[in-house]
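Let me begin by presenting the structure, written as structure tokens, before commenting on it.
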Amino acid sequence: MGGERELTEFEHGEVIGCYRCGKSVREISAMLQVARSTINDVIVKWKRTKTTTTTAQPRPGRPRSLVDRDRRLLKKIVLKNRMESAKKMRDKFQEASDSTVSTKTIRREIQTLEFHGRAAAFKPHISINNIKNRLQWCKAHQNWSLEQWQKVLWSDESQFTIWKSDGRV
């Protein structure tokens, strides 16, 4: 019914080898645990073409919207603009190529290229002046001994919020 996997080149060879040794289709099917109709198809094809190649025939269905060249272009656009939305990437893609595609197609192709959406890492907004002060403090205390650090009162239970109060005291 089409849901089964295709036989490998090696399995085709096994079928033909068993057939040439005088085994019946039923025996080959039981031995390889493959449907009799599949075994019969392989034997008929071998008799007709004298080859066991497994070149898959083109499948029916709508052709893909993007060709390989378009996918490579899309990959470049994604790598350059990782934080852009799919709609903006689609606009850039359409400017750079002759293809007209939907945003959904762009999203689907980005997933097939194995790019996945992730939330950006949280980075607190610290002023440049505060960054310089922190660095200066770290450099000043870099070579402190254990005795000096033991004299420090640690306030690890204190809560400091950067954005706004969350209501906790």
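Computed quantities for the displayed model
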quantity	calculated
Within segment 61-157, helices (runs of 4 or more DSSP H) holding 3 or more residues that are loosely packed, with under 10 Cβ neighbours inside 10 Å and either aromatic (Phe, Trp, Tyr) or under 21 Å from the mean Cα position of the chain (by Cα) (or both)	none
Members of segment 15-29 that are farther than 13 Å from Thr51 by Cα and crowded, with 16+ Cβ neighbours inside 10 Å	Cys18, Tyr19, Lys23, Val25, Ile28, Ser29
Among the residues listed as Gln94, Gln136, the single one being out of contact with any helix residue (DSSP H, G or I) (no Cβ under 7 Å at 6 or more places or on another chain) and more than 30 Å from Phe160 (Cβ to Cβ)	Gln94
Residue in segment 45-63 that is farthest from Val15 (Cα to Cα), counting only those that are modelled with pLDDT of 85 or more and charged (D, E, K, R)	Arg62
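The values are calculated or read from the model by the stated rules, or taken from the named source; none is laboratory data. In this text, all values refer to a predicted model and were calculated from it rather than measured experimentally. Heads up, the Cβs are rebuilt from the backbone with ideal geometry, glycines too, and the neighbour counts pull from every protein chain shown.
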